[in-house]
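Novice: Please find one structure pasted underneath; my questions will follow.
The values are calculated or read from the model by the stated rules, or taken from the named source; none is laboratory data. All of these numbers come straight from a predicted model, not from anything done at the bench. Note that each Cβ is placed from the backbone with ideal geometry, even for glycine, and that neighbours are counted across all protein chains shown.
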Amino acid sequence: MASLATHFTAFLLLFPTGLRRLFSSSSLYLSNPSLFRSKPWYFFSSAPKSPGFDLYLLLIALPISSFSELFLFLTFSGPSSYRFAFSQQSLTLLFFWLLLLFILLREHTDSLSVISEGLVFVLVGITFLIEFSFTGSGISGLGITGAVYGLLGRLTLLCALCCLYLALKPTAFWAEFVLSCGLVFKGTWALQAGLSLGTDAFVPKGCQKLSAVTGQETADLKCGLQEDSLRGVALMNLLFVGHAILVLVMGVVLFGVSSLSSRGSRFGDAHGPLLAQLESENAPIRPIHELELE
C-alpha cells in the first residue's frame, strides 16, 4: 500500500491547493482585470499578515509527508531505483515546505518584505524543476510505469514554466490559470497513478503488480505479453486526456462560480485590502494645483 498511500497524500496536498488558488486568482482578476497581479499565496483573511488555516495545515502536513517518504526509503526492500525515488520525493516535499516558510516569513517580517514576489516565483519554479529532475531520474522508465510518471513529469514541467513566466509578467492571468489547473491536474493524476500502479482492481488487463510475483511491494507492473504492455500505455494516455478534459471543465466552471461570487459579495483579499492597495498604487498622480484648489 506504500504506492497508493503516497499518491493519495499527493492528491490531498495538490488538489485542494490548486482549486483554492484557481478560485482566489479568478476572483481577484474578475474584480478588476487591469489591476490583476499574480501572488505566490492568496490570503483569505481580511488582514494580509494573518495566514489562513490552509497554509498552517500545509506547514504541518508537508514535513510529515517528507518524513514518511524518508521512512519508506529506509525500509523499502524493492528495486533500488524505486527505493531512492522515495528519498527524492522526501527532499522535494522539504523544498516546498521551506518555500512556504519563506512566504510566511516574508508576510510577517519587514526585512523580507522588500524581496519581490517575482523572486518567490523563481524559487517556486526552480523547486518544480528539481521535482521534475527527480521524477525523471528516479521513477520513470519503460512500460506503463514510465508512461504514467512521464506524464506526471510533464505536468510538473508545465507548472515550473508558468511560475517562471509569472516571475517575468505577473499580470498574465492565463499563466496563473494554467498553473492552478496544473496543480489540480497533478493531484488527480497522482491519484490515478496510485490506483493504476498500486491496486489490483485498477491494474490494466493482462498485467499485475510485481508484489504478486516476488512478494515485494513496488510501484511497477509485470505484463505477460508485449501487446498487454502497449495496450496499458495506450490506456494511460487515454486516461490522461480524460483527466485533462475533466480539469479544464472544472476550471471553467470554477471561473464562472467566482465570477458570480465577485458580483454579489466580497471574498478575501480579492476584494478587500489587497484590491484597495492595488488601486492606490495604480491611481494616477494628480497635479499639485488641483489639490490646492480643492
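Novice: Hey, among the residues in segment 41-72 that are modelled with pLDDT of 70 or more and part of a loop (DSSP other than H, G, I, E, B), which one's nearest to W97 (Cα to Cα)?
Specialist: Among them, the one singled out is W41.
Novice: Looking at segment 213-228, which of its residues are in a loop (DSSP other than H, G, I, E, B), farther than 14 Å from F202 by Cα and at pLDDT below 60?
Specialist: First, the residues of segment 213-228 that are in a loop (DSSP other than H, G, I, E, B): 215-220, 224-225.
Those left that are additionally farther than 14 Å from F202 by Cα: 215-218, 224-225.
Scanning segment 213-228 gives G215, Q216, E217, T218.
Novice: So, L28, is that one part of a helix (DSSP H, G or I), under 25 Å from V122 (Cβ atoms), at pLDDT below 90 and not small (G, A, S) or not? Lay out the reasoning, then the answer.
Specialist: Values: part of a helix (DSSP H, G or I): yes; under 25 Å from V122 (Cβ atoms): yes; at pLDDT below 90: yes; not small (G, A, S): yes.
Spelling it out, L28 is indeed part of a helix (DSSP H, G or I), under 25 Å from V122 (Cβ atoms), at pLDDT below 90 and not small (G, A, S).
Novice: List, please: which pairs have Cβ atoms under 7 Å, are six or more places apart or on different chains, and start with a residue in segment 242-266 that is modelled with pLDDT of 95 or more and end with one that is surrounded by fewer than 12 Cβ atoms within 10 Å (Cβ to Cβ)?
Specialist: Every condition considered, no pair remains.
Novice: Return a yes/no flag: does segment 270-277 have any residue that is outside any loop (DSSP other than H, G, I, E, B) and modelled with pLDDT of 75 or more.
Specialist: We begin by selecting, within segment 270-277, every residue outside any loop (DSSP other than H, G, I, E, B); these are 270, 273-277.
Next, only the ones that are modelled with pLDDT of 75 or more stay: none.
Within segment 270-277, none of the residues are outside any loop (DSSP other than H, G, I, E, B) and modelled with pLDDT of 75 or more.
Novice: Among the residues of segment 176-203, write down those that are outside any helix (DSSP H, G or I) and surrounded by fewer than 20 Cβ atoms within 10 Å (Cβ to Cβ).
Specialist: Here is the first cut: in segment 176-203, the residues outside any helix (DSSP H, G or I) are 199-203.
Within segment 176-203, T199, D200, A201, F202 qualify.
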